[in-house]
Ligand code: NOJ
């Protein structure tokens, strides 16, 4: 009998460190704050936590701009605090995953500073993607207005690729060379064809594995290699970057090498890739037995509130991973997306609709084969904060789109732990958190919800406790049972889950009910709700 590795069915909790808990009273979360709240995570019933970047960083993109991959940013603590956190997490029976950001560094990273101080063509520049400019024209139109090169000729960026956050993906240096940044100009992309870059990241992996981490979440995992011809998109939108950036086969040997490193360590160390592809078949390439253990299945998060849409996502995801012998990894919210309580509401609908659907979606997700990642605050039913003052917004998406896109600050507001007013136990009383917290969150604090059996927090605790008992030995596939068009019912061995995405009640299969997201009326499952049951027969 082979033992199932811990990550295969794990529920992992994403900790956005800056917004989780502030132990040192500077208004920003930190590693000691995370340690102080491990009891919450253990009681919640998750298996592991994933920490977003806490490395030395100017925070041009919330820490996804790393200036030193082996140092903790002083605002988040020290390496000693990190070691204490790993030990404490393990003491609570929790695994700990950290983020690794290999696509780009911060512009303050020693390597990029060296590149800036070195001439075109130098080894220091070869660690990044520097190119001469192109003619001013359609490509130039996407960039800063025709800059004058060293010879004085008008020129534009090397091609018309856009940054994911708005504006061009190239920035020009005074000496006339341009560097590529798929994100902000403060995040120059690395040259993964340079062996020094590969060696460096292998060494960084070992640095954190030696400190006891159980795995890595790989940022922009599909984007490391770029088509060296740098052809123009020619008016097509960002999705056209798929071929030249996000579907490159050179990536796979990198992850095979990483897998060999992970396998050198005991304890089922793992890696999960943030991979955006055009379809689940491409995801499966990363899940081959000698590559990554998991990749996020974002299609569930992207799907509208619709039973046929959810069913399609699940069926195609399961079919795609089955060939690789892998299991899917589900997610409803993250630090990059509008919180699902808000997403599932409809403009003008009753305020309870989003929360009801969010609860229903949780049972649905937790009943599926594979692993699930929760985002901090969803266990409190936190909504997106949509009315942050402009001056408070920090996400580069907001600034790079000149205020056209609100960005991701609304899902990154600090967690409310206790009390009646800001900072709701996130920081010491009287401290202003780095993003303002809404008035009216007193009823959403963990403290207020814990004693209430009807609260979202109690519901999450119960769902996770039952999942732990129930799903470990269930088959990896699902069997779809007949249901009305607006609902879906699937079975995994002796266990079944019903989700009603419609407004009208639907009849449940007969059997004994284990847990519901809303009260049942006889054998009728209300609209926008879900249930777990053991069907009879
Ligand atoms: C994905 C991360 O989740 C996101 O927060 C970040 O902005 C980009 N990658 C760039 O690193």
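FYI, it's all coordinate maths here, none of it is from the lab. Just so you know, these numbers come straight off a predicted model, no measurement behind them. All Cβ positions, even for glycine, are placed from backbone atoms using ideal geometry, and neighbour counts span all protein chains on display.
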So the label point goes 7 Å from the Cα of residue 265 along Cα→C-beta, right? Which residues of segment 1-44 then have their backbone N under 17 Å from it?
5-8
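Antiparallel as a % of all DSSP beta bridges within the chain, to the nearest 5? Walk me through the numbers on the way to the answer.
Numbers: 37 of 63 bridges.
The antiparallel fraction comes to roughly 60 percent.
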So, how do all the Cα-to-Cα distances of segment 475-534 break down into 10 Å bins, in percent, from 0 on up?
26, 58, 15, 0
So for each of 79-89, 387-397 I average, over its residues, the number of other beta carbons within 10 Å; can you give me the resulting order with the highest mean first?
79-89, 387-397
Could you tell me the center-to-center distance, by alpha carbons, between segment 471-505 and segment 2-38 in angstrom?
31
Rounded, prolate or oblate for segment 387-438? Axes are the square roots of the Cα gyration tensor eigenvalues, ordered a ≥ b ≥ c, and the cut-off for rounded is a/c under 1.5.
prolate
How would segment 173-330 be classified by its alpha-carbon gyration tensor: rounded, prolate or oblate, with rounded meaning a/c under 1.5 and the a/b versus b/c comparison settling the rest?
oblate
Once both axes come from the Cα atoms, what is the angle between helix 79-91 and the longest principal axis of the chain, in degrees from 0 to 90, rounded to 10?
20
Any idea how far apart residue 315 and residue 387 come out in nm if each label point goes 7 Å out from Cα toward Cβ?
4.3
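Would you mind calculating the gained length between residue 346 and residue 439 on full extension (0.36 nm times residue separation, minus the Cα-Cα distance), in nm to one decimal? Don't skip to the answer; put the middle values down first.
Details: separation 93, 0.36 × 93 = 33.48 nm, distance 2.25 nm.
Once the chain is fully extended between residue 346 and residue 439, it gains 31.2 nm.
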Evaluate the distance, in nm, between pseudo-label points positioned 7 Å from the Cα of residue 452 and of residue 431 along their respective Cα→Cβ axes.
2.6
Evaluated at 4 °C with a viscosity of 1.567 mPa s, what Stokes-Einstein diffusion coefficient in µm²/s does segment 420-463 have when Rh comes from the Kirkwood expression over alpha-carbon pairs?
113
Within segment 172-189, backbone nitrogen closer than 16 Å to the virtual label 7 Å beyond the Cα of residue 203 toward Cβ:
none
Would you please classify the overall shape of the chain from the alpha carbon gyration tensor, given that a ≥ b ≥ c denote the square roots of the eigenvalues, rounded means a/c under 1.5, and beyond that prolate means a/b larger than b/c while oblate covers the rest?
prolate
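Counting every Cα pair in segment 399-537, what percent are over 24 Å apart?
Roughly 52 percent, once rounded to a whole number.
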Using R₀ = 41 Å, calculate the FRET efficiency as 1/(1 + (r/R₀)^6) where r is the Cβ-Cβ separation of residue 43 and residue 239; round to 0.05.
0.45
Between residue 229 and residue 194, what is 0.36 nm times their sequence separation minus the Cα-Cα distance? Round to one decimal in nm.
10.9 nm
Using a simple spin-label model with points 7 Å from Cα along the Cα→Cβ vector, what separation in nm is obtained for residue 6 and residue 469?
2.3
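Expressed in nm to one decimal, what extension gain is obtained for the pair residue 126 and residue 175 from 0.36 nm per residue of sequence separation less their Cα-Cα distance?
Values: separation 49, 0.36 × 49 = 17.64 nm, distance 1.57 nm.
Length gained between residue 126 and residue 175: 16.1 nm.
Apply 1/(1 + (r/R0)^6) to the Cβ-Cβ distance of residue 256 and residue 482, taking R0 = 41 Å, and write down the FRET efficiency to the nearest 0.05. Present the calculation step by step, with values, prior to reporting the outcome.
Numbers: r = 44 Å, r/R0 = 1.07.
Calculated transfer efficiency: 0.40.
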